[in-house]
Amino acid sequence: MNKKIIITGAAGFIGFHTAVSYLKKGYLVLGIDNLNDSYDLYLKSERIKKLKKFDRFSFKKIDISNFKLLSNVFNSFCKQGLPDAVINLAAKTGVRKSTSEPYSYYVSNVIGCLNIVKLVNKFNINKLIHASTSSVYGNSKKKSFSVESETSKPVSNYAASKKSSEILLHAFHELYKMNIIILRFFTVYGPYGRPDMSPFIFIESNLRKKNINLFGTGNQKRDFTYIDDIVTGISKSVKLKGFNILNLGNNNPVRINKLLKNIETLSKIKNKIKKSQSLKEDVDYTSANINKTKKLISWEPITNFNEGITRTFNWHIDNREWLKKIKI
């Protein structure tokens, strides 16, 4: 019998790459996504188009906050054998938008998560992998964020909704002894990346010779983590049992100004920088302590920042024509 997996948020950046990885391993993959308009739908449709080229991929356009529809899809997929795991990558993303649209974030990231874990429990699926975020650490002053660090002081509704989902999942583990693995991702970037995040915005703005809105001084640091490393971490985490929270980050924060400089060097086009004040939802610094991750799943990133940005930039060059259609 074919191995099976359910991936929610399959049209998203991390969901797409995770689905490709499992399809290449020979899995039957059920992809679920509501194709929301949190960013340009053209990019999401391009990802799904690529996934549909695999005959072992099936796609359902469903919002995970709709329990009845989601339950029907799970029921149909699980009839011929249970999947190894559900990888829940569906979420309303973006720190800044969560201030103006808080309700949609809590519906997707909390109610949606509740529906997923209820169904994992109902169908007795062995593992739930759940995507969280480095944003739960808030404006931590620690040099390196460990999973034991303070996470009860979020500075955005996005972070608060993700922390809420973590607490909810802990309760389900305690009640039903479910195997739940929570992965806190740190600023993921790479090909087919999100057009609402700095690597995509800065590369496209540079190549289109448009202004780059830089919030703050550019000295803020981010623990940029390349997508291939993240996918490897997700795959390795599936072996864990019990309740675990792990950081998946590059463990080597980089200044935003370095990202900008790298792009200029690669394109040989000078950035047009338009500086603005920092936003209250933005944090100054993120850095993943991955000691626990190394110990439990023998994972650490292998793609350094210069290499990852070069690969990402080259993808933008290779896909120039259709990328011009993406709104940034």
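The values are calculated or read from the model by the stated rules, or taken from the named source; none is laboratory data. The structure displayed is predicted, hence computed values, not measured ones. Positions of Cβ are backbone-derived with ideal geometry, glycine not excepted, and every protein chain shown enters the neighbour counts.
Odds and ends about this structure:
- A single member of Tyr106, Tyr42 is buried (at least 16 other Cβ atoms within 10 Å of the Cβ) and either aromatic (Phe, Trp, Tyr) or modelled with pLDDT under 95 (or both), and it is Tyr106.
- Residue ID - farthest from Val29 (Cα to Cα), chosen from residues in region 231-256 that are within 21 Å of the chain's Cα centre (by Cα), of a type in the set (Lys, Arg) and outside any helix (DSSP H, G or I): Arg255
- Boolean, His170 is modelled with pLDDT of 95 or more and not in a helix (DSSP H, G or I): no
- Number of positions in region 275-306 that are modelled with pLDDT of 95 or more and not polar (S, T, N, Q): 12
- Qualifying positions in region 115-152 - assigned to a strand (DSSP E or B) and closer than 18 Å to Lys79 by Cα: Lys127
- Of all residues in region 145-167 being modelled with pLDDT of 95 or more, of a type in the set (Val, Ile, Thr) and surrounded by 14 or more Cβ atoms within 10 Å (Cβ to Cβ), the one that is farthest from Gly94 (Cα to Cα): Val147
- Output for region 226-281, where each listed residue is in contact (Cβ under 8 Å) with a residue 40 or more places away in the chain, β-branched (Val, Ile, Thr) and farther than 20 Å from Phe16 by Cα: Ile245, Val254, Ile256, Ile263, Ile269, Ile273
- Subset tally (residues that are within 15 Å of Asn304 (Cα to Cα) and in contact with a Leu (Cβ under 7 Å, 6 or more places away or on another chain)) for region 233-260: 1
- Against the test of being crowded, with 16+ Cβ neighbours inside 10 Å, out of contact with any strand residue (DSSP E or B) (no Cβ under 6 Å at 6 or more places or on another chain) and of a type in the set (A, V, I, L, M), the options Val73, Val20, Val86, Val29 yield a single qualifying residue, Val20.
- Helices (runs of 4 or more DSSP H) fully within region 261-328 that include at least 1 residues being in contact with a Pro (Cβ under 9 Å, 6 or more places away or on another chain) and loosely packed, with under 15 Cβ neighbours inside 10 Å: 305-318.
- Residues within region 192-222 that are in a helix (DSSP H, G or I) and without any contact (Cβ under 8 Å) to a residue 12 or more places away in the chain, tallied: 0
Residue-wise test of (1) more than 19 Å from Thr187 (Cα to Cα); (2) assigned to a loop (DSSP other than H, G, I, E, B); (3) touching a Phe, Trp or Tyr at 6+ places or on another chain (Cβ under 7 Å); (4) free of Cβ contacts under 8 Å to residues at least 12 places away in the same chain.
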position	(1), (2), (3), (4)
Lys68	yes, no, no, yes
Asn72	yes, no, no, yes
Ala90	no, yes, no, no
Val110	yes, no, no, no
Cys113	yes, no, no, no
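- Hey, Gly308 closer than 16 Å to Gly193 by Cβ, among the small types (Gly, Ala, Ser) and either touching a helix residue (DSSP H, G or I) at 6+ places or on another chain (Cβ under 6 Å) or in contact (Cβ under 8 Å) with a residue 24 or more places away in the chain (or both) or not: yes
- Filtered by the rule that a residue be part of a strand (DSSP E or B) and farther than 14 Å from Ala91 by Cβ, region 173-191 gives Asn179, Ile180, Ile181, Tyr189.
Here's the yes/no breakdown for (1) over 18 Å from Thr93 (Cβ atoms); (2) within 14 Å of the chain's Cα centre (by Cα):
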| position | (1), (2) |
| --- | --- |
| Gly193 | no, yes |
| Asp196 | no, yes |
| Asn206 | yes, no |
| Gly218 | yes, no |
| Asp229 | yes, yes |
| Lys258 | yes, no |
| Leu266 | yes, no |
| Ile269 | yes, no |
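- Of the residues making up region 48-66, just one is basic (Lys, Arg), in contact (Cβ under 8 Å) with a residue 24 or more places away in the chain and part of a helix (DSSP H, G or I), namely Lys50.
- Qualifying residue in region 32-55 (condition: in contact with a strand residue (DSSP E or B) (Cβ under 9 Å, 6 or more places away or on another chain) and small (Gly, Ala, Ser)): no
- Filtering region 38-47 to residues that are within 16 Å of the chain's Cα centre (by Cα) and without any contact (Cβ under 8 Å) to a residue 40 or more places away in the chain leaves only Lys44.
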